[in-house]
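Take a look at the structure below.
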Amino acid sequence: MILISKHAGFCFGVRRATELVEGLIAKKDDNDIICTLGKLIHNEEYTKYLEDRGVRAIEKQDIEKLLEEAKGKKITLVTRTHGIEKDTYKILKDCETGYENFKLVDCTCPYVAKIHKIADENSGKEEKFFLIGQKEHPEVRSIVSYIKENNGYVFSGADELQEYLKCEKIDTFSINMAAQTTQNLEEWKKCQKIIKKHCTNIKIFDTICSVTEKRQTEAKDLCKKVELMLVIGGKGSSNTSKLYHICSEHCKNTYWIQTKDDIPFDKLGTINTIGITAGASTPDRLIQEVKKSMSEIMEQNFAELFAEYEKGKQKIYKGAIVKGTVMSISENEIGVDLGVKQTGSIKRDNITSDNEAKLSDMFKIGDEVEAKVEAVSDIEGTITLSKKAVDEVKNWAKIVDYANENTVVDATITKSTKGGLVALVDGVEVFIPASMTGVAKDADFSELVKTVQQIKIVEIKEDKKRAIGSIKAVLRDIKKAQAEEFWANIKEGDEFEGAVRSLTSYGAFVDLGATDGLVHITELSWKRIKHPSEVVKVGDILKVFVKAVDKENKKVSLGYKTEDQNPWNIFKSKYGVDDVASVKIVGITTFGAFAEIVPGVDGLIHISQIANKKIDSVANVLKVGDVVDAKIVAIDEEKQKVSLSVRALLSQNEETAEEATEQVAE
């Protein structure tokens with residue numbers, strides 16, 4: 001089994017620097033010159049990788065020569081992650097100002113730059129600055145250059161600090177203390193304890209990189225779980241050196257390697273568990289190459305072991321893994337021929353935990369089985385075996401692989417507990433906490449019992465052989481994939497049907513599946529409304545269409561009102577000029593009255609068209625809410641305005657009455 005530390009390999013600062021340099025390489029013209037001041041990171045493989053792509057490392061004394069030989073060419077000089085001395089940085093900035101084609105790219109790790117500032121602001125005549133680190137390391141040299149008044153002291157660890165404090169009086173000084181970013185965490189704690197005993201006027205700065213802390217803690221924990229430990233990193237790497245010493249203290253079989261070629265294959269022997277960690281300057285590629293090589297050799301050893309089984313050379317002793325052939329099957333055990341004079345037997349309890357399983361369904365005569373020897377009795381002539389013990393090891397190895405490879409697997413939910421669900425994956429129980437079931441906080445996740453769910457193994461507790469699974473992680477990946485597909489394909493005009501998720505003063509948000517889209521308040525109705533709740537409510541299902549898409553900001557603007565809902569179109573389909581409509585008075589003004597013809601379309605009855613005689617005030621004749629008949633006398637298509645007349649109908653009625661009177665008289 002191979003276990004890899006989660007925080008092994010490139011840290012944030014190194015990854016940032018390598019990405020910057022590789023970005024420069026990608027844009028480089030043939031005449032451009034790219035250099036690093038010193039090795040960008042402490043890894044020979046990566047330095048060679050950069051050299052092969054035309055990036056060479058130079059030192060401070062080479063700067064002037066570089067400027068001479070590169071006249072007329074574009075020069076990009078990259079500072080290393082460890083930082084550079086203060087005076088050297090000033091020289092480079094002057095070069096950038098004085099040479100038109102010279103560009104400085106500062107790749108100093110942000111954590112190192114932070115210590116530069118601390119050293120500059122917390123040193124002087126009355127202040128001593130103590131730094132715990134390797135004196136000749138580039139990072140330490142760069143930090144020391146920022147200490148004022150040459151009042152800085154570098155100690156490799158607790159022992160050196162203790163010796164100094166025995167001989168020097170520091171009571172009259174303020175002491176400020178920091179550590180190299182890759183300092184051993186345990187050594188740093190010892191230093192803090194010592195300085196606090198000798199000085200009360202002290203300020204301690206926590207400057208060890210947080211990833212370094214996690215890497216060291218993980219490596220220490222991992223060492224306790226494995227038989228052999230590999231630490232990958234360049235021989236000049238300070239943080240790799242610290243990792244190696246930490247691992248050596250907790251695992252006697254610890255080896256410091258730079259590439260897969262350094263793997264101590266001759267030391268593997270019967271090793272079953274191997275741990276891998278790597279320094280901050282180790283590329284992921286190297287880690288994967290080492291893992292692959294280790295996997296191949298372990299598989300080879302396993303294959304050789306079984307080749308011996310097949311030749312009949314297997315040795316029978318307690319704890320041995322053996323192969324045999326099923327020769328008998330009963331209700332509670334199976335008999336196994338191991339090729340020796342004793343008979344092997346496997347009891348039901350050592351085969352399966354399923355009380356309802358039938359051994360006759362699980363095996364047939366002649367089947368080959370693999371089992372662990374539990375006991376050997378020469379007197380009785382029997383060998384007690386356990387198939388379950390072998391299956392558990394194999395299945396647990398699968399679970400670990402699933403976790404390391406982030407694999408999605410099928411899990412059968414067997415039971416519900418107060419804290420979550422218990423599932424079976426390849427015969428191994430996996431616990432799924434309530435928060436990872438993918439079920440809403442207050443919902444009943446026990447309904448998932450007896451179902452098959454896709455999960456990811458998100459945590460392994462090797463010492464307890466306990467695995468934590470997550471349904472939510474799979475759902476999150478599915479949702480992410482759906483979102484990516486959604487944003488890749490969505491376009492203006494697309495139609496959706498979704499539920500209203502929420503309302504705001506400016507519109508309604510509709511669920512489109514991968515995201516919510518906004519129907520602006522002006523798109524909810526053809527008539528003016530004060531709030532979306534006048535038209536829709538949360539939970540309503542709306543048919544909407546895409547009006548605009550902002551893929552960069554992940555926003556979708558939706559339309560809801562359509563032309564067939566347009567009040568003006570509805571009006572035109574029902575009425576024309578000279579038609580009579582029953583209208584409702586909705587507004588009174590000094591010059592007339594506004595009347596609703598159809599919802600969303602109003603017409604104006606001018607004061608001169610209200611009665612067949614002159615009136616002083618509209619309010620004397622009409623009031624809001626009155627329903628009257630009016631004749632449509634004009635329609636302005638462009639401005640969507642309608643003119644109405646009540647008077648036209650009054651005059652028409654009078655003419656009709658006069659005609660009727662005349663006919664009676666005749």
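Checking ASP444, ASP511, ASP494 one by one, the residue that is surrounded by 13 or more Cβ atoms within 10 Å (Cβ to Cβ) and over 27 Å from the mean Cα position of the chain (by Cα) is ASP494 and no other. Please specify each residue of the stretch 264-275 satisfying the condition of being at pLDDT below 85 and under 34 Å from the mean Cα position of the chain (by Cα). If the condition is that a residue be at pLDDT below 85 and under 34 Å from the mean Cα position of the chain (by Cα), then ASN272, THR273 are the ones that fit. The condition (being part of a loop (DSSP other than H, G, I, E, B) and in contact (Cβ under 8 Å) with a residue 12 or more places away in the chain) is satisfied by just one residue among ILE91, ILE25, ILE84: ILE84.
Screening MET436 against (1) under 30 Å from ILE529 (Cβ atoms); (2) surrounded by 16 or more Cβ atoms within 10 Å (Cβ to Cβ) leaves a single unmet condition, (1). One residue stands out in the stretch 124-139 among those that are assigned to a loop (DSSP other than H, G, I, E, B) and without any contact (Cβ under 8 Å) to a residue 40 or more places away in the chain: the one that is farthest from SER156 (Cα to Cα), namely LYS125.
Look at LYS561 and say whether it is modelled with pLDDT of 90 or more and not aliphatic (A, V, I, L, M). When the stated conditions are applied, LYS561 does not pass them. Just one residue in the set LYS441, LYS418, LYS465 is at pLDDT below 90 and closer than 29 Å to SER295 by Cβ; that residue is LYS465. Can you tell me which residue among VAL628, VAL580 is surrounded by 17 or more Cβ atoms within 10 Å (Cβ to Cβ) and not assigned by TED's automatic domain parsing to the domain that holds ASP516? Within the list VAL628, VAL580, the selection yields VAL628.
Scanning the stretch 286-295 for residues that are within 14 Å of ASP261 (Cβ to Cβ) and of a type in the set (D, E, K, R), which turns out surrounded by the most Cβ atoms within 10 Å (Cβ to Cβ)? In this case the residue turns out to be GLU289.
Condition check for LYS235 on (1) under 26 Å from LYS461 (Cβ atoms); (2) in contact (Cβ under 8 Å) with a residue 12 or more places away in the chain: one failure, at (1). Listed here are the strands (runs of 3 or more DSSP E) enclosed by the stretch 475-527 that have at least 3 residues being within 27 Å of ILE455 (Cβ to Cβ) and at pLDDT 90 or above, and there are none.
The values are calculated or read from the model by the stated rules, or taken from the named source; none is laboratory data. Since the structure is predicted, the reported quantities are computational estimates derived from the model, not experimental observations. Here the Cβ is made from the backbone with ideal geometry for all residues, glycine too, and neighbour counts use every protein chain on show.
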